[in-house]
Amino acid sequence: MSDPVVHFDRPAPHVARLRINRPDKRNAIDYDVREQITNHMRTVLGDRDTRALVLGGVGGVFSAGGDVHSMVGLSEMQARERMQHIHVLCRMVAAAGIPVVSAMEGIAAGAAVGLALLGDHIVAGPGTKILFPFLKLGLVPDWGQLLTLPRRVGIARARRILTSGEPVPGEEAQRIGLVDSLAPDAEVMASAIQKAGELAAVPLEAFGRMKRRLNDVSLSLAEELPREEADQAVCLLTDDFSEGFSAFREKRAPNFIGRRKG
């Protein structure tokens, strides 16, 4: 039996990790990769002991993006089915009620960048090269990037990045907010695991509600305030708030791990 194209493991307490395993293709993303990530995520999100997820690739490379060879010769129906399959995973990552950290080692291109932008924290190295090759291929950016990229770097900068097609180095990516933190190239994955371990300690009920509101921003204060009321009315009744208040009163760090969500 051939090796799985996605490796699943648990590199730290309460942290799951998924790594694309196609080193001969620089971890390019095809149907099998998407399907295996999706299936693993269903398992991870259903496991109450898992509180954070790391996405990455094997061999010091995140991913060269979508497998272009798998896109050739499609009918319109097949092209739509391909995008619908992608969007199942997009929605799952964006809606995950646990923090999602991406380790952008080496090369991160196209679809892989879109996958990372749907998560919560991105770690890169100075040698990381982030690429958006869509227009050079005659394609529009996908995986939600026309929404997620401008939210991180602004519309004008996103337009320049996507139009030029030039790689964005890791240090520049951190400067403009495309990635969240920088680590030495050999330590990107370890840094991502460490960050996931830190984020695993957040109160998940409050985090999940915050994440939903950040992903689906209100258009006005009149729309936002009722959402805020609904969320806080739930959070004020949780075990997490009881713990947070006790920690505040006792002047110690709160411990949300092991507490029931909701």
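If I filter the range 171-190 down to residues being of a type outside the set (A, V, I, L, M) and over 15 Å from the mean Cα position of the chain (by Cα), which single residue comes out as nearest to Gly97 (Cα to Cα)?
This residue is Gln174.
Check the range 115-134 and report whether any residue there is at pLDDT 95 or above, in a helix (DSSP H, G or I) and over 26 Å from Met189 (Cα atoms).
No: the range 115-134 contains no residue that is at pLDDT 95 or above, in a helix (DSSP H, G or I) and over 26 Å from Met189 (Cα atoms).
Could you please tell me which pairs satisfy a Cβ distance under 7 Å, a separation of 6+ or placement on different chains, a first residue in the range 24-39 that is outside the structural domain of Trp143 (by TED's automatic domain parsing), and a second residue that is surrounded by 15 or more Cβ atoms within 10 Å (Cβ to Cβ) and of a type in the set (S, T, N, Q)?
Nothing qualifies.
Based on this model, can you work out whether Arg151 counts as farther than 27 Å from Thr50 by Cα, without any contact (Cβ under 8 Å) to a residue 60 or more places away in the chain and among the basic types (Lys, Arg)?
So Arg151 passes the test.
Could you grab the pairs with beta carbons closer than 7 Å, sequence gap of 6+ or different chains, first residue in the range 129-143 and assigned by TED's automatic domain parsing to the domain that holds Ala111, second one assigned to a strand (DSSP E or B)?
Cβ pairs passing all conditions: Lys129/Ile107; Lys129/Pro169; Ile130/Met104; Ile130/Ala108; Ile130/Val168; Leu131/Ala109; Pro133/Ala109.
Taking the range 176-193, which residues are in a loop (DSSP other than H, G, I, E, B) and within 17 Å of Phe62 (Cα to Cα)?
If the condition is that a residue be in a loop (DSSP other than H, G, I, E, B) and within 17 Å of Phe62 (Cα to Cα), then Leu178, Val179, Asp180, Ala183, Pro184 are the ones that fit.
Taking the conditions exactly as written (without any contact (Cβ under 8 Å) to a residue 12 or more places away in the chain, in contact with a Pro (Cβ under 8 Å, 6 or more places away or on another chain), outside any loop (DSSP other than H, G, I, E, B) and closer than 29 Å to Pro11 by Cα), does Ala196 satisfy them or not?
Judged against the criteria, Ala196 is not a match.
The values are calculated or read from the model by the stated rules, or taken from the named source; none is laboratory data. Note that the structure is predicted; figures quoted are calculated from it, not measured. We place every Cβ from the backbone using ideal geometry, glycine too, and count neighbours over all the protein chains shown.
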